[in-house]
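Inspection log for the structure reproduced underneath, given as structure tokens.
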Amino acid sequence: MMPLLVYALALSTLTPATVGPGECVVFAPLGGQTQVIGGDECSRRTLPASTFKVPHALVALETGVVTEKSVIKWDGTKRDYAVWNRDQTLDSAIKMSAVWVFQQFAAAIGRERELSYLRSFQYGSATFERGVTDFWLNGDLTITPAEEVAFLQRMFTYDLPVARKHIDVVKAAVSLCSRAASDRRPARSTRRPAPTWPFACSTRSGHPQDNARKKPRRPQRPQSHDFALRSLRSRRFLL
């Protein structure tokens, strides 16, 4: 199975992680020293899958493909999750990992602009060779846990070639949503394996494929913009 990259806002007092074979944990406080716990997994590039919705949303905003207030009309195609089978906003597409929305964005952005932003973001391998609507899902684009944390640090410190207002829109969607909103997540499902699904909202995930496997101990409600990233080779769970 592909590794899972899970993000959560973390308190600086978060207890040290214990990792097993094929796991990597990266704690990266914005104002402190990054702590990497794990072996080869920390430097192994794998597909970003739905974690790519973070840079993808930034690119879509920068290129004018979408705005904070845009409504992306559902095309009527029934997909695996009921929450995907409706009109979406950028905020809801991020929270629910609505893949079809980001595939529409990718088609509108186009190959050359996608590649240009990947390079300017210094995002992992920063290239892809196959289709423009699934390069983050099929292993064409790859990134390590450490590289992904570095990207997030640059985003949260506004050190990307992206308008501050666009970064703020994405930051709000991935990390500043309310506990009440996160509690409205859809029911869990294990009908098919997920590749990689990212950010927790506060201490919960909004992705419909969050499954019922045993979870690690959750951090307390976050009070800062520190990051905790966990990469696992075989288990799929969200903080």
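Here are the numbers:
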{"quantity": "Amide H contacts under 5 Å for residue 72, placed H, 5+ residues apart", "calculated": "88, 89"}
{"quantity": "Estimated FRET transfer efficiency (residue 113, residue 75; beta-carbon r; R0 25 Å; 0.05)", "calculated": "0.65"}
{"quantity": "Pairwise FRET efficiency - residue 127 versus residue 34, Cβ, R0 = 25 Å, nearest 0.05", "calculated": "0.50"}
{"quantity": "Sum of side-chain charges, residue 59 neighbourhood, beta-carbon under 11 Å (Lys, Arg +1; Asp, Glu -1)", "calculated": "0"}
{"quantity": "Förster radius 35 Å - calculated FRET efficiency between residue 18 and residue 171, Cβ distance, rounded to 0.05", "calculated": "0.75"}
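Here, each number is a calculation from the coordinates, and none is a lab measurement. Here the structure is a predicted model, which is why all the values come from computation and not from measurement. FYI the Cβ positions are ideal-geometry reconstructions off the backbone, even for glycines, and counts take in every protein chain you see.
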